[in-house]
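Undergrad: Quick one: the structure is below, questions incoming.
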Amino acid sequence: AKPWPALPPLLVDLATRAAAQAGFDGFVADACLVNHYLPGTRLSLHQDRDEQDYGQPIVSISLGLPAVFLFGGLQRSDRPRHIPLSHGDVLVWGGEDRLRFHGVLPIKPGVHPRMGERRINLTLRKAG
Ligand SMILES: O=C(O)CCC(=O)C(=O)O
Ligand SMILES: [Mn+2]
């Protein structure tokens, strides 16, 4: 099979530095999942389990409209914390928190001055 095209070094470097600041040294992302949210769109509680090595963190970059990130426990039924995320925020989770259920509340209607009526989230991951 063909290898995935390389990620932009700018993004890989940002993710490495953000992960290190959060206590996860040596993180080298090899995948980036892009989510596009319109007003009203949500992401229901889930765990990120598609990666090979849960020892590697997830680095999440938020752009555009603000969102409320739900950061739950290891059971879907655990009551999640509400973490506000806005344009330019970078959120890292890993270690014992790597498999916490998480999601995003419905995006409130609005217009971001640079991004318009949308939120874009990039998650940098080590998939393989
Ligand atoms: O949009 C977000 O802030 C989270 C995205 C997410 O959890 C995912 O793509 O698995
Ligand atoms: Mn996720």
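Undergrad: Around Pro109, with a cut-off of 15 angstrom between Cβ atoms, what is the net charge of the other residues, counting Lys and Arg +1 and Asp and Glu -1?
TA: Charge balance in the 15 Å sphere: +3.
Undergrad: Same structure, new question: For the chain, what is the charge dipole size about the Cα centre, in debye to the nearest 20, if Lys and Arg each add +1 at the Cβ and Asp and Glu each add -1 at the Cβ?
TA: So the magnitude is around 440 debye.
Undergrad: Over the stretch 12-128, what is the mean sequence separation of C-alpha contacts under 8 Å (at least six apart), divided by residue count, expressed as relative contact order in percent?
TA: The value is 41 percent.
Undergrad: Using the Kirkwood radius over C-alpha pairs as Rh, can you work out the diffusion coefficient of the chain via Stokes-Einstein at 37 °C, viscosity 0.692 mPa s, in µm² per second?
TA: In µm²/s, the coefficient is 217.
Undergrad: Using the charge dipole of the chain (Lys, Arg: +1 at Cβ; Asp, Glu: -1 at Cβ; taken about the Cα centre), state which of Ile58, Pro3, Val104 has its Cα farthest towards the positive end.
TA: The one lying farthest along the dipole's positive direction is Val104.
Undergrad: How much net charge surrounds Arg42 when only the other residues with a Cβ under 13 Å from the Cβ of Arg42 are counted, with Lys and Arg +1 and Asp and Glu -1?
TA: Details: positive: Lys108, Arg119; negative: none.
Result for the neighbourhood of Arg42: +2.
Undergrad: Sum -39500 (n - 2.57) across every DSSP H segment of at least 4 residues in the chain, then divide by the residue count to get the 222 nm mean residue ellipticity, nearest 500.
TA: Taken over the chain, the calculation gives -3000 deg cm²/dmol.
FYI, it's all coordinate maths here, none of it is from the lab. This one's a predicted model, so the numbers in the text were calculated from it and none came from an experiment. So basically every Cβ, Gly included, is an ideal-geometry build from the backbone, and we count neighbours across all protein chains shown.
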